[in-house]
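This report refers to the structure that appears directly beneath it.
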Amino acid sequence: MKVVLVTRIKNLGSVGDVVDVKSGFARNFLLPSKKALPATEDNLKGFEERKEEYLKLAADELSMAEANSLKLDKVRIEVKANTLESGMLYGSVGASEIVSNLESQKIDFVKKSSITLPNGPIKEVGEFTVNIELHPEIVKSIIVEVIPA
């Protein structure tokens with residue numbers, strides 16, 4: 001299915017690109033989240049008329065992400081977890097625990113879906129680097145320290 005992108009999407013394209021995607025991806029993600037429009041003749045004409053508006057929105061998103069990335073500079077969070085004597089956790093520390101810890105520090109713009117845990121959920125005590133994708137062009141790293149409860 002051909003769609004015209006109204007926002008930048010990582011590994012897919014930029015504002016105004018007409019791309020061919022699987023119809024399920026378009027119907028279930030791109031169209032409902034208003035990140036793309038079906039590439040019909042009417043939508044292409046409408047997009048050209050509103051192109052400046054879409055580009056301004058994309059620039060605003062990027063500047064907001066840059067401002068938020070400054071708030072994440074030198075952020076370090078501690079997560080307490082139940083552990084075995086060997087240092088392994090009873091459960092694991094995932095994105096939801098990281099988000100709730102960030103929210104307790106008044107950082108409320110990070111979503112669970114934007115957190116990348118390089119090796120999956122954290123299952124042991126120690127310090128780990130976690131990437132947070134604020135925008136397709138801006139990825140910030142924070143330190144997560146898991147300590148025994």
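The values are calculated or read from the model by the stated rules, or taken from the named source; none is laboratory data. What you are looking at is a predicted structure, and each value in this text was computed from that prediction instead of being measured. Every residue, glycine among them, receives a Cβ derived from its backbone with ideal geometry; neighbour counts consider all protein chains shown.
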Here is a check on your reading of the model: is Lys51 over 21 Å from the mean Cα position of the chain (by Cα), on the phi < 0 side of the Ramachandran plot and surrounded by 13 or more Cβ atoms within 10 Å (Cβ to Cβ)?
yes
I'd like the full set of residues that are more than 18 Å from Glu133 (Cβ to Cβ), of a type in the set (Ser, Thr, Tyr), part of a helix (DSSP H, G or I) and free of Cβ contacts under 8 Å to residues at least 40 places away in the same chain, limited to region 23-74.
Ser23
Residues of region 98-138 being touching an Asp or Glu at 6+ places or on another chain (Cβ under 7 Å) and either touching a residue at least 60 places away in the same chain (Cβ under 8 Å) or assigned to a helix (DSSP H, G or I) (or both), which ones?
Ser114, His135, Ile138
Region 139-149: number of residues that are of a type in the set (D, E, K, R) and part of a loop (DSSP other than H, G, I, E, B)
0
Taking Glu41 as meeting all but one of (1) among the acidic types (Asp, Glu); (2) surrounded by 13 or more Cβ atoms within 10 Å (Cβ to Cβ); (3) assigned by TED's automatic domain parsing to the domain that holds Val18, write down the number of the exception.
(2)
Test for Met1: is it more than 30 Å from Ile143 (Cβ to Cβ) and either surrounded by fewer than 16 Cβ atoms within 10 Å (Cβ to Cβ) or over 22 Å from the mean Cα position of the chain (by Cα) (or both):
yes
